[in-house]
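Accompanying notes for the structure given below.
The values are calculated or read from the model by the stated rules, or taken from the named source; none is laboratory data. Small disclaimer: the values here were computed from a predicted structure and weren't measured. Quick reminder, even Gly has a Cβ in these numbers, built from the backbone with ideal geometry, and neighbours come from all protein chains shown. Heavy atoms of the whole protein, side chains included, go into the accessibility calculation; ligands, DNA and RNA do not. Shrake-Rupley method; radii C 1.70, N 1.55, O 1.52, S 1.80 Å.
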Amino acid sequence: MKTRLSILLLLFMVATVSFAQGLRESVCIVEAEYTDEEKDQIGDLSLWFSRKGFMSESRLLSAYKSGVTGSGVVVETDYGRYVLSNRHVVGYAREATISFVLKDTTLVYEHCVVKAVSHNEDLVLVCLPDSCTQPAIELSTEVIEDGQDIVAAGFPGLAGKPSWQVTKGSVSNANLRIEEDNTVYIQHTAPIDPGSSGGPLLIKQGDTYQIVGVNTYKAFWRDNVGITIPVDAVSRFISTVGNDTLAESGLAAITINGETWAKMVDKMEKECIDSLRNMQVDMPLDVLTNTLSLECTPEVVSVVSKTSSSSSNNSKPSKSKVYVDDFGKYNLVRLTYTNMLSKNQNIGLSWEQAHQWLSVGFQVFVGFEEWFNKEEEITKMRSAFSLGLKFGLQVPLKMGKKYYAIPRLLFDPYFSSSAILDFFDYYNGPAEVGGFPFSLGCDFAFPVGDYLLSVGVYYQYLIQLYYDDYSAETLCLSKNRALISKNAFTTNVGQSGLGVSLAFWW
């Protein structure tokens, strides 16, 4: 009995190895190929998606840029032999690398052209070179039923690289509908993992295996739930592919960049943004096409058409416009330090909102003033807490794709309390009422992760107002600068200084 059982087990193992090796002749690894320019475009879109909270789309685009692999299977069509896989495996690439990992060798075919992509199902066909003689697997014509035994094959990731995997299971739902358009899928129990996408789901017909579907994803929130596009959808897709047609580049079809899209989102009403977030997307860049399709989406206007667009006699209600050279709308927190040439100084903290040419905001700062008593020959230092506004004009100058030089002209009027701290003993002096600083400088902004950081330098001229109840004969602003005072509220002192700033933008 034991001998017979051992023989049966051995025959089963031999049959399994032979079957798996036969499948490896036809099942392959699929890896999308992108040019450096396309990777830059994908990275830019991923960055702006992340900034606007479309995190899953951003992560998928980042994965495309870094390089992802999936699975595929060789099929025969009326126009030749192709690799059948998922559209999301190839992504937006125009070419792909196809690899067959055999027992003794690996066959690699680079720059295989993407023949066709399906816009209704997650399917793609990739051309094979004439030098590739790997056998095709037939498409099944059998009606799939619940409980039917199936096999899944592919190259999911293991230890950071694709690894051959064959698993068995059964059909748990032959007519699964999970989307609003009533698309039908096959649900099965054969284990699949990330990287299995695009691999075939098969049944055995005599001594051969036939394709009954293409594995597309798994339900991670449940055990043993694989989702497969059925063979009838595959057949319909293949029948639409002509001999001379080639798939267009998905990236080349994108008419706006990530920064322009983000500015459009900034101009949307909340209800419009919510409707965009709630839309179901098959591929990450569908977010862009969905944005352009909404009635509430702001109009995108080219820089050169600003003049002509304003004179248009279009009778339709005008949308808000997004000009493609906009600097954008940012919030920022700025820290400043100004060293006045008259030995005074101040440290400021402000919140600003910068939009194209204008910057507005609020500020608080502590000013440190030096006073000199002629009679006692004593230098006094005191500070005052101040609150104010910020108004500014700026000229954003783009340097390359990501960096800005931003010349700024600011007016920062403020009101000040009387002195709240004396660094030495209490000392009476003119009380500062407020001031009118004017500053001219330049910020240099650069990306840090998903945000911007800037450093700036500026020159400031400050007109200060005082109310003086004391004799001006005994007081000086410094040893070299007399306080001009006539016991009047209109007392003013002009000072100048140099400063630096550090700002965090989001």
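Laid out as a table, the results:
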item: Lone unmet requirement of (1) surrounded by 12 or more Cβ atoms within 10 Å (Cβ to Cβ); (2) over 26 Å from GLN280 (Cβ atoms); (3) among the acidic types (Asp, Glu) for ASP207; result: (1)
item: Enumeration of residues in segment 140-164 that are part of a strand (DSSP E or B), out of contact with any strand residue (DSSP E or B) (no Cβ under 6 Å at 6 or more places or on another chain) and in contact (Cβ under 8 Å) with a residue 24 or more places away in the chain; result: GLY157
item: Neighbours by Cβ (under 9 Å, 6+ apart or cross-chain): first from segment 345-372, open to solvent by less than 50 Å² (accessible area, probe 1.4 Å) and outside any strand (DSSP E or B); second at pLDDT below 90 and hydroxyl-bearing (Ser, Thr, Tyr); result: GLN356/TYR323
item: Any hit, segment 259-268, residues being touching a strand residue (DSSP E or B) at 6+ places or on another chain (Cβ under 9 Å) and among the basic types (Lys, Arg); result: yes
item: Condition check for ILE137: touching a residue at least 60 places away in the same chain (Cβ under 8 Å), over 31 Å from the mean Cα position of the chain (by Cα), buried (at least 22 other Cβ atoms within 10 Å of the Cβ) and part of a loop (DSSP other than H, G, I, E, B); result: yes
item: Any pair with Cβ under 7 angstrom, 6 or more apart, that starts in segment 437-448 at a residue that is more than 19 Å from TRP505 (Cβ to Cβ) and ends at one that is acidic (Asp, Glu) and open to solvent by less than 30 Å² (accessible area, probe 1.4 Å); result: PRO437/ASP412
item: Top-ranked residue of segment 214-242 - restricted to ones that are assigned to a strand (DSSP E or B) and modelled with pLDDT of 90 or more, ranked as surrounded by the most Cβ atoms within 10 Å (Cβ to Cβ); result: VAL214
item: Within segment 243-259, tally of residues that are open to solvent by less than 10 Å² (accessible area, probe 1.4 Å) and either among the basic types (Lys, Arg) or not in a loop (DSSP other than H, G, I, E, B) (or both); result: 1
item: Count of residues meeting criterion [touching a residue at least 40 places away in the same chain (Cβ under 8 Å), open to solvent by 20 Å² or more (accessible area, probe 1.4 Å) and either of a type outside the set (D, E, K, R) or outside any strand (DSSP E or B) (or both)] in segment 100-119; result: 6
